[in-house]
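Readers should treat all values here as calculations from the given coordinates under stated rules, not as data from a laboratory. Here the structure is a predicted model, which means the values were calculated and not measured. Here Cβ is always computed from backbone atoms with ideal geometry, including for glycine, and neighbour counts include all displayed protein chains.
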Amino acid sequence: MFSNKKISIQLKNVSKSFKIYNKTYHTIKHRVLNLHKKNEVKLISALKNINLDIYKGECVGVIGRNGSGKSTLTKVMSGAFLPDKGGEVIKDGTSLLLNLGVGFSHELTARENIYVNGSTLGLRIKQIDEIFKDIVGFAELEDFVDTKIKYFSSGMIQRLSFSIAIYAKADILFLDEIFAVGDEKFQKKATEILERNWIENRTAIIVSHSTGLIEQYCNRAILMHKGELLYFGDTGEAIEKYKALE
Amino acid sequence: MELPALKNSVQKNNRLERIWLLAKIEFKLRYNENKLGLLWALIKPLSLLLIYFIAFKVILKTSVENYSIYLFSGLIIWQFYLETTDGLTRILSTKKYLYEYSNMSKIEIYLASLISILLGFGFNFSILLTFLFITGIGVDVNILYSPVLVLILFFLCFGIGMILSNLFMHFKDLGQIWPLVSQLIMWLSPLFINAEALKSNIPYIEAFNPMFGMMTNFRNITMYHQPPDFEILLINSIQAIAFFSIGFIMLKIMGKKASEIL
């Protein structure tokens, strides 16, 4: 059904493992004092050999239990984490990973963060000037433009980060549990955005524990379990399989 | 289905704009935060100047002529070195928010930071020039060598900063150790000590302490109205290229894992 559509993200043989050291020697002092001791390494594979194609304009849900690899998957897809050797992540366009307060410096004001963030997304200063008011307006932060965001509540930061994503027009959006926090009114406004076909021509990957939300907005869903991709396809079926796991 | 490599194409076209934006913000954070503002940029080197003047001219009676100018010209080089190397040590951790979730190149982050410190250097440099004219020493045509010296200093500190920040990922106590190393380098530099005395007591000092050459040549072209010592200039250039290359390679290899480790 998607065969004539363009691929937005492609993962080929993507695995991700983390080395967990029994003892961490993060200082020269520790290393020198423990030269003779062997350090045991535990390998934790967070993602196991994942292959998938996500098409342009799709809204894909990611579900799974805690620690199943959902967030690692989005981090690898967004480029924050490098996949292990042999794996390949191909992306078409700019991407933005959204979760609470990410990509912000708490020492900077809302205004500065909007400019820095917009610029890292590839916008020119002039373009940011044009959308600046809209971003602040949607986030309902008109009175706090020149306040350092370290004085913001988590909800305010989240609103700001959400508005930048909408107006900065990243091609691919990773929404990692961003509908979970924030007051009801804003949550409604945010989910309405999804309804307004705002994702048109863009790709959204939604990570959420709320299966209702994913059922409502996503045609396809990824079910992660213990680092493996258990199922990728029809959302209803993915949710059924997810519930069967519990 | 294969995809064309469109990676980063969007992010590249506004690179210079972004570096300048980040440099401006950092400069503002550095100086505009407190009420004294940019005045602080002036007060700091001047107070250091006063302290060293009392210690070395009033108490130890150094024989160096025009000692306050001698001190100040050394100090602004030293400040640049100290602020860049010390400031860049933790950069991958403090500026993580910039590269963690976007594909922004880390080199840009270093550049922005260095440029913001360079702005402070420019400010200090103009004060040195003012001093030179007030005292009647003035400058001659050799001042035109200053861009060359600044360029060498810039890449030298850039390289050292990249090396330190990558090592910092694995050795967190570098933040404590480096200021001590810097102290040693300071005492081996002609910052307040007479350059000739230093050279006669420690042979080949220009080879293992880049700051020796940087300060010597900087004084040559400003207060001494002389061309730089070209042998030292060559040594400094080699040092800058070496440090920069090592740092750049380290960043390429080790820097990839920065967002996971830090």
Volume of the Cα convex hull of segment B:18-261, divided per residue and given in Å³: 132
Taking chain A as a Gaussian network, where each spring joins two C-alpha atoms under 10 Å apart, which residue of A:LYS148, A:LYS37, A:LYS188 fluctuates the most? A:LYS37
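From the Cα trace of the protein assembly as shown, what convex hull volume per residue do you get, rounded to a whole Å³?
Details: hull volume 92.7 nm³, N = 508.
Cα-based convex hull of the protein assembly as shown, divided per residue, equals 183 Å³.
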For segment B:145-152, Karplus couplings with θ = phi - 60° (6.51, -1.76, 1.60), whole Hz, Gly/Pro x: 6, 4, x, 5, 4, 5, 4, 5
Alpha carbon centre of segment A:115-133 versus segment B:220-234: separation in Å? 45
Non-local amide H neighbours of A:LEU97 (under 5 Å, H modeled in plane, Pro and chain starts lacking H): which ones? A:PHE174
For chain B, what does the helix formula give at 222 nm: sum of -39500 (n - 2.57) over DSSP H segments with n ≥ 4, over the residue count, nearest 500 deg cm²/dmol? -22500 deg cm²/dmol
Quick check on segment A:7-245: take the gyration tensor over C-alpha atoms, sort the square-rooted eigenvalues as a ≥ b ≥ c, and tell me if it's rounded (a/c under 1.5), prolate or oblate. oblate
Per-residue Cβ contact counts at 10 Å, fewest first, order A:ASP84, B:ASP173, A:ASP183 as A:ASP183, B:ASP173, A:ASP84
Using a basic spin-label model with each label point 7 Å from the Cα along Cα→Cβ, how many nm lie between A:LYS188 and B:LEU38? 5.0
For a quick check: sort B:LYS24, B:LYS172 by the number of other beta carbons within 10 angstrom, fewest at the front. B:LYS24, B:LYS172
Using the count of nearby Cβ atoms within 10 Å as a rough guide to exposure, how do B:THR216, A:THR235 rank from fewest to most? A:THR235, B:THR216
Counting only helical runs of four or more DSSP H residues, what would the 222 nm mean residue ellipticity of chain A come to if each run contributes -39,500 (n - 2.57) and the total is spread over all its residues? -10500 deg cm²/dmol
Relative to the longest principal Cα axis of chain B, at what angle does helix B:230-254 sit, 0 to 90 degrees, rounded to 10? 20
Around A:ALA46, which amide H atoms from residues at least 5 apart in sequence, or from another chain, sit under 5 Å from its own amide H, with H modelled in the peptide plane? A:LYS16, A:SER17, A:PHE18
